[in-house]
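Asks: Okay, handing you the structure first.
The values are calculated or read from the model by the stated rules, or taken from the named source; none is laboratory data. Small disclaimer: the values here were computed from a predicted structure and weren't measured. Please note: Cβ atoms are built from the backbone with ideal geometry, for glycine as well, and neighbour counts cover all protein chains shown.
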Amino acid sequence: MLVAHNCITVTSDQSSANFSCRIATSNFDEVQALTRDLCAPRDVLSCGGRSMAELPVVAICSRDKKSVIDSSFTSTSMTPTSTQDIDKFPAIIGQKLDGGRYEILRKLGGGVYSSTYLVKDPGAAFRSEYLAAKVLTLNATKLHHDGVTKELEFLKKIASCEDINSLPILRDSFEIEGPRGSHLCFVMDLLSTHVSAYRRSAPKKALPPYVVKEILVQVLEALTQLHELDIIHTDLKLDNILFDSLTTDEHVAQYLEANPVVVDGEYNLDG
């Protein structure tokens with residue numbers, strides 16, 4: 001996952017070496033494809049089965065910090081719906097992580113290899129007490145221990161840089177013991193919606209040239225720094241470029257109070 005200056009982040013759901021940098025060959029082709037996708041009008045598509053109102057965001061901001069879209073932290077279901085979901089950490093609203101430091105407030109989303117939760121750190125050692133906790137599946141955690149995937153290694157390498165250009169900053173990492181095994185967890189800054197959803201929100205489903213240029217500049221800055229760190233992204237696309245959220249803790253707290261989590265079911269894990 002990558003974070004652009006005050007605005008954009010490039011992410012990848014896979015817990016493998018999915019970071020990109022080189023502006024040549026395949027990455028150059030990907031950047032060209034990004035440009036076409038940003039500019040070309042498209043039909044309105046579903047966003048991973050979710051509407052704009054269901055995206056885990058508060059606001060999309062441009063580099064001058066002007067809010068252009070206001071959305072919400074609508075939670076997704078935390079109940080397993082398939083055998084594959086059993087591989088994921090069975091999180092519970094209000095559950096404490098890392099010895100009680102982080103409290104799970106709601107689920108923001110997830111993919112094949114992980115689930116992401118909105119958590120609160122009352123100690124607030126970082127810029128905000130509201131953060132995103134990405135919890136890997138049992139299988140993804142095992143691949144990490146076996147040395148097959150290096151996401152944590154890459155995130156630590158990025159965090160060690162004095163200046164970070166549009167890349168995600170790892171705030172903390174630890175393991176959580178679940179009923180079926182251990183799950184690796186990354187704590188990072190809370191981000192906003194992805195560029196694909198932003199483009200689809202435009203009247204003609206396309207972004208003006210000055211916005212496209214701003215996005216591409218930040219993506220190229222991120223890729224350049226990754227290349228300098230010998231890290232290569234293998235999944236560069238609009239869905240993996242996120243806007244940074246400049247929402248205040250007070251704003252988030254007010255929204256969470258006005259929109260409490262609705263429990264849609266309970267379950268028990270066997271074993």
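Asks: Count, please, the residues in segment 193-239 that happen to be farther than 20 Å from Lys157 by Cα and either part of a helix (DSSP H, G or I) or in contact with a Leu (Cβ under 6 Å, 6 or more places away or on another chain) (or both). Steps first, please.
Replies: Taking segment 193-239 first, the residues farther than 20 Å from Lys157 by Cα are 193-217, 237-239.
Next, only the ones that are either part of a helix (DSSP H, G or I) or in contact with a Leu (Cβ under 6 Å, 6 or more places away or on another chain) (or both) stay: 193-201, 207, 209-217, 238-239.
So the count comes out to 21.
Asks: Picking from Val219, Val212, which residue would you name as being crowded, with 22+ Cβ neighbours inside 10 Å and in contact (Cβ under 8 Å) with a residue 40 or more places away in the chain? Walk me through it before giving the result.
Replies: On the way: Val212 fails: crowded, with 22+ Cβ neighbours inside 10 Å.
Of the residues listed, the single one that is crowded, with 22+ Cβ neighbours inside 10 Å and in contact (Cβ under 8 Å) with a residue 40 or more places away in the chain is Val219.
Asks: Here is a further query. From the list Leu155, Leu138, Leu131, which residue is closer than 26 Å to Asp85 by Cα, crowded, with 20+ Cβ neighbours inside 10 Å and touching a Ser or Thr at 6+ places or on another chain (Cβ under 9 Å)?
Replies: Working: Leu138 fails: crowded, with 20+ Cβ neighbours inside 10 Å; Leu131 fails: touching a Ser or Thr at 6+ places or on another chain (Cβ under 9 Å).
The match here is Leu155.
Asks: Name every residue in segment 115-144 that is in contact with an Asp or Glu (Cβ under 8 Å, 6 or more places away or on another chain), of a type in the set (Ser, Thr, Tyr) and either modelled with pLDDT under 95 or within 21 Å of Gln254 (Cα to Cα) (or both), in order of residue number.
Replies: Matches in segment 115-144: Ser128, Tyr130.
Asks: Kindly indicate which of Ser166, Ser201, Ser196, Ser192 is touching a Phe, Trp or Tyr at 6+ places or on another chain (Cβ under 7 Å), surrounded by 15 or more Cβ atoms within 10 Å (Cβ to Cβ) and not aromatic (Phe, Trp, Tyr). It would help to see each step written out before you state the result.
Replies: Working: Ser166 fails: touching a Phe, Trp or Tyr at 6+ places or on another chain (Cβ under 7 Å); Ser201 fails: touching a Phe, Trp or Tyr at 6+ places or on another chain (Cβ under 7 Å); Ser196 fails: touching a Phe, Trp or Tyr at 6+ places or on another chain (Cβ under 7 Å).
Criteria check complete, one pass: Ser192.
Asks: I would also like to ask the following. Does segment 107-129 hold any residues that are in contact with a helix residue (DSSP H, G or I) (Cβ under 9 Å, 6 or more places away or on another chain), on the phi < 0 side of the Ramachandran plot and not in a strand (DSSP E or B), and which are they?
Replies: Val112, Tyr113, Ser128, Glu129, listed by residue number.
Each row is one residue, and each column tells you yes or no for (1) of a type in the set (Asp, Glu); (2) closer than 28 Å to Gly100 by Cβ.
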| residue | (1), (2) |
| --- | --- |
| Glu162 | yes, no |
| Arg180 | no, yes |
| Asp189 | yes, yes |
| Tyr198 | no, no |
| Pro203 | no, no |
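Asks: Still on this structure, I have one more. Identify, by number, the condition in (1) part of a strand (DSSP E or B); (2) buried (at least 22 other Cβ atoms within 10 Å of the Cβ) that Ile176 doesn't meet.
Replies: (2)
Asks: Oh, and also: State which residue is modelled with the highest pLDDT when the search covers only segment 250-262 and only residues that are surrounded by fewer than 11 Cβ atoms within 10 Å (Cβ to Cβ) and assigned to a loop (DSSP other than H, G, I, E, B). If you could, list the steps in order and put the result at the bottom.
Replies: First pass over segment 250-262, keeping only residues surrounded by fewer than 11 Cβ atoms within 10 Å (Cβ to Cβ): 250, 257-258, 260, 262.
Filter once more, keeping what is assigned to a loop (DSSP other than H, G, I, E, B): 260, 262.
Numbers: Pro260: 86, Val262: 73.
Filtering first and then ranking leaves Pro260.
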